[in-house]
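The values are calculated or read from the model by the stated rules, or taken from the named source; none is laboratory data. Note that the structure is predicted; figures quoted are calculated from it, not measured. Note that we place each Cβ from the backbone using ideal geometry, even for glycine, and neighbour counts take in every protein chain shown.
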Amino acid sequence: MSADISEAVELRTALVRLRRSTELPVAFGGLTAGPGQVRIGELSGAATHSLRGLAVATGNGLGGKALSLARACAVTDYHDSRHISHEYDTAVAAEGLRSVLAVPVVVRRRVRGVLYGALRTAQPLGDRVLTAALAAARDVEQALVVRDEAHELLSAATAPAAEDSGAWEEVREAHGALRALAPRIVDPALRDELLAVCGRLASAGAPPERETALTLAPREVDVLACVAAGATNAVAAERLGLRPETVKGYLRSAMRRLGAHTRGEAVAQARRAGLLP
């Protein structure tokens, strides 16, 4: 699944959630398609295709205003509003929209898209609708943050590393970060890609005569990766979204499988088995 397709799925899911939580009949939105421009790519509840593919420029229309201000904007009657420009009136009128709300998707202080919710009648959109729209935008923002982090770590982890201890420490840090990030990835294709890279990193540093029969449960590997990076049980629990007691349980289980008596010995055994880099 490509990044564009995965992002479209995230956006589509957010729009459905927005309509369900607000009972608005129409929701639509898009992500940035170039500097200062958002292209409407996803529609939910629309009766026509008049808005699909619409390129919204910064400052133009309601969405363009939300883009330029990086904050939510709304109009009670789109066609008659004096607070926005009217480059997109034809497309909006074709869909029969009157009251419209636009919420920017902001990631690391950069606007990455806009979500819209709309009524076909001219009436104010209250605080409940605004709150729900902001929550939907935050969902998309979080998904994009996770994807960005994942791709950054993938790039770092798959870059050629020099045969020195400093480079291997970087590889090990990237491996641990990828293992901790993987459970947060909604897109199964990207999650599988992350875990596949983790497997390649782990086996790359193992000796040729490693014991290939040894296996650990995924969460046991996650915990050992945190331990290998020097994390305490409490820190590992925070990184992995687990309780400290659960981390202790996974660590004990991993040590038992590896025949290790200490945390350090467990890490060493896991590296010899090609389970950690």
Problem - region 114-145, subset at pLDDT below 95 and charged (D, E, K, R), residue farthest from residue 19 (Cα to Cα) - result: 141
Exercise for the section: Tell me which of these residue 17 doesn't satisfy, since it passes every other one: (1) touching a strand residue (DSSP E or B) at 6+ places or on another chain (Cβ under 8 Å); (2) touching a residue at least 60 places away in the same chain (Cβ under 8 Å); (3) part of a helix (DSSP H, G or I). Expected result: (1)
Exercise for the section: Kindly list the number of the only condition in (1) free of Cβ contacts under 8 Å to residues at least 40 places away in the same chain; (2) among the β-branched types (Val, Ile, Thr); (3) closer than 20 Å to residue 144 by Cβ that fails for residue 38. Expected result: (1)
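For the subset of region 63-90 comprising residues that are closer than 14 Å to residue 125 by Cα and under 27 Å from the mean Cα position of the chain (by Cα), which member is surrounded by the fewest Cβ atoms within 10 Å (Cβ to Cβ)? Quick ask: steps written out before the conclusion?
In the first step, residues of region 63-90 are kept if they are closer than 14 Å to residue 125 by Cα; the result is 72-78.
Going one step further and asking which of them are under 27 Å from the mean Cα position of the chain (by Cα), we end up with 72-74.
Values: 72: 17, 73: 21, 74: 23.
It comes out as 72.
Conditions tested, residue by residue: (1) farther than 20 Å from residue 171 by Cα; (2) of a type in the set (Ser, Thr, Tyr); (3) part of a loop (DSSP other than H, G, I, E, B); (4) under 28 Å from the mean Cα position of the chain (by Cα).
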residue: 222; (1), (2), (3), (4): no, no, no, yes
residue: 225; (1), (2), (3), (4): no, no, no, yes
residue: 230; (1), (2), (3), (4): no, no, yes, yes
residue: 234; (1), (2), (3), (4): yes, no, no, yes
residue: 238; (1), (2), (3), (4): yes, no, no, yes
residue: 249; (1), (2), (3), (4): yes, no, no, no
residue: 254; (1), (2), (3), (4): yes, no, no, no
residue: 257; (1), (2), (3), (4): yes, no, no, no
residue: 260; (1), (2), (3), (4): yes, no, yes, no
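So which of 13, 90, 76 is out of contact with any helix residue (DSSP H, G or I) (no Cβ under 6 Å at 6 or more places or on another chain), over 18 Å from residue 119 (Cα atoms) and polar (S, T, N, Q)?
Working: 90 fails: over 18 Å from residue 119 (Cα atoms); 76 fails: over 18 Å from residue 119 (Cα atoms).
Answer to the check: 13.
Residue-by-condition table, conditions (1) closer than 15 Å to residue 177 by Cα; (2) modelled with pLDDT of 90 or more; (3) of a type in the set (Phe, Trp, Tyr):
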residue	(1), (2), (3)
193	yes, no, no
206	no, no, no
215	no, no, no
231	yes, no, no
247	no, yes, no
252	no, yes, no
Handout entry: Residue selected from region 20-42 under the condition part of a strand (DSSP E or B) and either among the polar types (S, T, N, Q) or modelled with pLDDT under 85 (or both), by the criterion surrounded by the most Cβ atoms within 10 Å (Cβ to Cβ)
Key = 32
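Can you confirm whether residue 56 is surrounded by fewer than 21 Cβ atoms within 10 Å (Cβ to Cβ) and either under 16 Å from residue 18 (Cβ atoms) or assigned by TED's automatic domain parsing to the domain that holds residue 14 (or both)? Walk me through how you get there before you give the answer.
Details: surrounded by fewer than 21 Cβ atoms within 10 Å (Cβ to Cβ): no; either under 16 Å from residue 18 (Cβ atoms) or assigned by TED's automatic domain parsing to the domain that holds residue 14 (or both): yes.
Judged against the criteria, residue 56 is not a match.
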